[in-house]
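Below is one structure, written out as structure tokens, with a few remarks after it.
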Amino acid sequence: MTALLRHAILGAGGVGGLIGACLARSGAPVTLVVRPEALAGYPEQLRLESPFGNFSVPVSRATEVPAADVLWIAVKATQLESALTALKNPHSVNAIVPLLNGIDHLSLLRSKYGADRVISATIAVESERVAPGQIVHRTPFARLNVSSAGRDLLGTTIEHLQQMGFECRFVDDEPTLMWSKIVFLAPFALTTTAADRTTGAVITDPAWRQQLESCVREAAAVAIAEGAKVDAESVIAFMIKMPANMRSSMQKDVEQGKTPELDAIAGPIVRGARRHGIEVPITMKLVAAVEQRASRTERLLA
């Protein structure tokens, strides 16, 4: 019988909590890394409400990353640098799997911890921590894509997540793996946030739908120039079929007066466009609209 891997979760929000709950449900040892001031009051169980089932599972809690086979990093890109202070002994972790939005975090993590130990991955899901230790997974899907470099270590773990209901696959080509998410996420996040509407409301409004589709095509053009294999029309077709009530995490961050992940999500498109001489006017327009909304919300909440 294959021994279950030890997992640490840095960032026990919607995504980290979902991963942690499902891995603990499979029987794997899971440790949530939480802020020192939150430890005393943090529940000893993770509670998940999900299309995959409603359940509570016991987990360990710690203020520093413990010895683990896999460290899953699921913090916001804006919080990465400060969160990494919890990783006091990097050599106690065999592999690091970041589930952050964007691309730039990979070079940062590899420069700190070594290229061979950082396994690129992306996740597509709407999941939210509604209270400490309480996770609500809202979408009927959770799609986890992992670099084929992690197949040997994570093969059994991926099987357990698939048994829970995840859609998982290993991807050989890292540019395609990472840019495929950006081509979907950036237009989705930017339009829902700029419009302050759900996906269904964006798609059924001709003007907003045109901006969404244009943003997808701009992102895809940059992705292809960066060496990724993506198809804008397939992404658009997928978006049209998404649940109509979906809202992006960027949209929620702006509503709550939090700093949106604009640089992580839209930055690769803007910088890539500049490198390759590609025009991305709709992306730039949406970025400006999100910045304006975020600034206005911040003033109102001050």
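The values are calculated or read from the model by the stated rules, or taken from the named source; none is laboratory data. Keep in mind it's a predicted model, so treat the numbers as computed, not measured. So basically every Cβ, Gly included, is an ideal-geometry build from the backbone, and we count neighbours across all protein chains shown. All accessible areas refer to the heavy atoms of the entire protein, side chains included, with ligands and DNA or RNA removed. Shrake-Rupley method; radii C 1.70, N 1.55, O 1.52, S 1.80 Å.
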Legend entry - Inter-centroid distance (Cα atoms) of the range 207-231 relative to the range 20-82, Å: 34
Legend entry - 20 Å Cα-Cα reach of LYS241 towards lysines, excluding residues that sit fewer than 8 places from it in its own chain: LYS181
Legend entry - Only Lys, Arg (+1) and Asp, Glu (-1) charged, at Cβ; the chain dipole about Cα centre in debye: 340
Inset, instruction - Determine ³J(HN,Hα), in whole Hz, for all residues of the range 167-172 in sequence, where each value follows from phi through the Karplus function 6.51 cos²θ - 1.76 cosθ + 1.60 and θ = phi - 60°; x replaces Gly and Pro. - result: 9, 10, 7, 8, 10, 6
Legend entry - Accessible area expressed per residue, the range 26-72, with surrounding protein chains retained (probe 1.4 Å, Å²): 47
Inset, instruction - Select from TRP208, TRP72, TRP179 the residue whose mean-square fluctuation is largest in a Gaussian network model of the chain (Cα-Cα springs shorter than 10 Å). - result: TRP208
Inset, instruction - Sorted from largest down, give the three principal axis spans of the alpha carbons of the range 119-212, whole angstrom values. - result: 46, 34, 20
Inset, instruction - Could you name the aspartates and glutamates whose alpha carbon sits less than 15 Å from that of LYS112, not counting residues in the same chain fewer than 8 places away? - result: GLU81, ASP104
Legend entry - Three-way shape call for the range 108-150 based on the alpha-carbon gyration tensor, with the a/c threshold at 1.5: oblate
Inset, instruction - Using the heavy atoms of the protein chains and a 1.4 angstrom probe, tell me the accessible area per residue for the range 110-163 in square angstrom. - result: 45
Inset, instruction - Sort 247-260, 7-20 for me by packing, meaning the mean count of neighbouring Cβ atoms within 10 Å per residue, highest on top. - result: 7-20, 247-260
Legend entry - Helical mean residue ellipticity (222 nm; -39500 (n - 2.57) per DSSP H run of 4+; nearest 500) of the chain: -14500 deg cm²/dmol
Inset, instruction - Have a look at ALA232, PRO243, ILE269 and report the one farthest towards the positive end of the charge dipole of the range 223-302, computed about the Cα centre with Cβ charges (Lys/Arg +1, Asp/Glu -1). - result: PRO243
Legend entry - P(r), alpha carbons of the range 152-298 - 10 Å bins starting at zero, rounded %: 12, 38, 33, 15, 2
Inset, instruction - Run the accessible area of the chain with a 1.4 Å probe and give the carbon-and-sulfur part as a rounded percent. - result: 50
Legend entry - Cα gyration tensor category, rounded, prolate or oblate, for the range 60-162 with a/c compared to 1.5: rounded
Legend entry - Anisotropy class of the range 227-302 from Cα gyration tensor, a/c 1.5 cut: oblate
